[in-house]
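Right, one structure below, let's go through it.
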Amino acid sequence: MFILRVHSVDTELPLTDAEEIEFYTTTSLSNPNPKFRERRGVVHLYRKASQSSLPNPSSRSTSLFVVAVPKYLSAADFIRFAGSHIENITYILFIWNDGMEDRYSVLIELAAQSAADAFYFSLNGKRFSPAEAELCHILFTHSVEYTELGEIASTPPVGFTELPTCPICLERLDPDTSGILSTFCDHSFQCSCTSKWTYLSCTVCRFCQQQEENPVCSICGSGENLWICLICGFMGCGRYKEGHGVRHWKDTQHCYSLELISQQIWDYVGDGYVHRLTHSKVDGKPVEINSRCTSIEGTCHSCGYGDDSGINEAIYSIKVEAVFDEYSRLLATELEKQRQNYESLLAEAKGKRDSTIAEAVEKAVTSEMQDIQSKLDKCTEEKNALAEINRKLIKDQQVWHVKVKEIEEREASESRLMDEKILDLEEQVRDLKVYIEAQKTLTDMTDSDSIKGGTVLPVPSTQSSSTNTRRHKKAGRRRN
């Protein structure tokens, strides 16, 4: 089952080149006035992912889509190519694909299912021109949507996957995927049919034809295990490298990729190969992997693709080899992941060990620093206490020094006073002795007349003055 989404900002217009077409419309008796329209846009083709794309009674319809018509074939030439089937056509839309200079697409509506089947069986797989290589590929379509938003047109509906609109890329796919039964080329490098398309607007075909010398991944630049997207031409490395091809599929839902070396096509949704042709390991000739009967019922027993075909054994061996290669790569990838995992575990264990040692060292250093700090604080407190005691002692020393000095001065003063008192007493004792001696002398002399008629002499003034001074001092000390 196929559906179309067309990204177009234009509206349908009558076909401009209608001079030759009028001949067919006027000579047709059953359908004298079919509609011929044209518009520009970008076509996106989608298929039901869970069903086979081969035509069957449940997937047929009266709408047909011609995937690619070469540009050298004009609209009038295509109608002439349709021949007598034009009588049953009610509507034809020529879609000029923007950016596709070498081809255009055609959407056809027929009056009945029998007419659509007849058109399909008569023209599908037929060469547009006997001298050219291009084949007419026709698909039954169930719906067509037009939108002005590119994001909506390029987003697959739920349960659908996008297919390439390039006929060569479609022929690379197996019939179950592409819905295309007839092909006469394996479309390998340097194939002749690829060069028939004048402009090679398809990125994949242009790459295969030009054979770029050193293709690399568009993201990481890796040159190994490269895959190219059949839808948009994105070049990415495989899942056995950095996996940018897989990431591209997850980001864009473009599920078909062509491996450059083997020319095999991988379906990320179905997780398997979907290429039509591969090279035999025995003789190197192209062998079709999914050979099918060309009839709609698939039971004609005349096309050589029955169960007894001799090619089945070769196909089976090729599939086994493909599966073996895939599982070998998968095993290598898993072993690499395990190696990386164990290396990360070792690195993590080493990191934990280093962190544990660092924590233990830091803890020990912190504890030692705390002990040293506590001791330092204690010593500081003791120092402060001793300094305070020393300050008090110095203060007391100064106080006592003053007191001792006062005591010494007082003792010295008392000692001087005592000396003066002793001296005064000695003078008094001497005076008393003199007085007593004088009294005694006078007493002795009273009995004689020796002092009669004597003369009293005055005492020298110096002695009297000094004596008086001493007496005044004694008197003053007594008063004190």
Discussion item. Just to compare against my own numbers: the Cα pair-distance distribution for the range 203-274, 10 Å bins, whole % per bin, please.
Written reply: 22, 60, 18, 0
Worksheet item: Of Lys241/Lys350; Lys250/Lys352; Lys352/Lys378; Lys35/Lys126, which sit over 29 Å apart, Cα to Cα?
Response: Lys250/Lys352; Lys352/Lys378
Discussion item. At 7 Å along Cα-to-Cβ for each site, give me the label-to-label distance between Glu426 and Val365 in nm.
Written reply: 8.7
Worksheet item: At q = 0.12 Å⁻¹, what is the log10 ratio I(q)/I(0) for the range 74-164, with the Debye formula run over Cα points and no solvent?
Response: -0.47
Worksheet item: Using a simple spin-label model with points 7 Å from Cα along the Cα→Cβ vector, what separation in nm is obtained for Arg37 and Asp377?
Response: 9.1
Item to complete: Quick one: dipole size for the range 203-274, taken about the Cα centre, charges +1 on Lys/Arg Cβ and -1 on Asp/Glu Cβ, in debye to the nearest 20.
Response: 120
Item to complete: Could you work out how far apart the two model spin labels at Ala332 and Ser355 are, taking each label as a point 7 Å from the Cα in the direction of the beta carbon, and quote it in nm?
Response: 3.6
Worksheet item: Working out 0.36 nm times the residue gap between Asp176 and Glu348, then minus their Cα-Cα distance, what length gain in nm do you get to one decimal?
Response: 57.0 nm
Worksheet, complete the sentence: For the range 353-360, Karplus-derived ³J(HN,Hα) couplings (6.51, -1.76, 1.60; θ = phi - 60°; whole Hz; x for glycine and proline) come out as 4, 4, 5, 5, 4, 4, 5, 5
Discussion item. Apply the Karplus curve 6.51 cos²θ - 1.76 cosθ + 1.60, θ = phi - 60°, to the phi angles in the range 397-402 and return the couplings in whole Hz, x for Gly and Pro.
Written reply: 4, 4, 5, 5, 4, 5
Worksheet item: If one computes the Cα centroid of the range 133-174 and of the range 326-358, what distance in Å separates the two points?
Response: 44
Worksheet item: With the dipole of the range 108-153 worked out from charges on the C-beta (+1 for Lys and Arg, -1 for Asp and Glu) around the Cα centre, which of Ser122, His137, Ile152 lies farthest toward the positive end?
Response: Ser122
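Any read-out appearing in this document is the output of simple, stated calculations on the displayed coordinates, not a laboratory observation. Quick caveat: nothing in here was measured; it's all calculated off a predicted structure. Neighbour counts run over all protein chains shown; Cβ positions are idealised from the backbone, glycine included.
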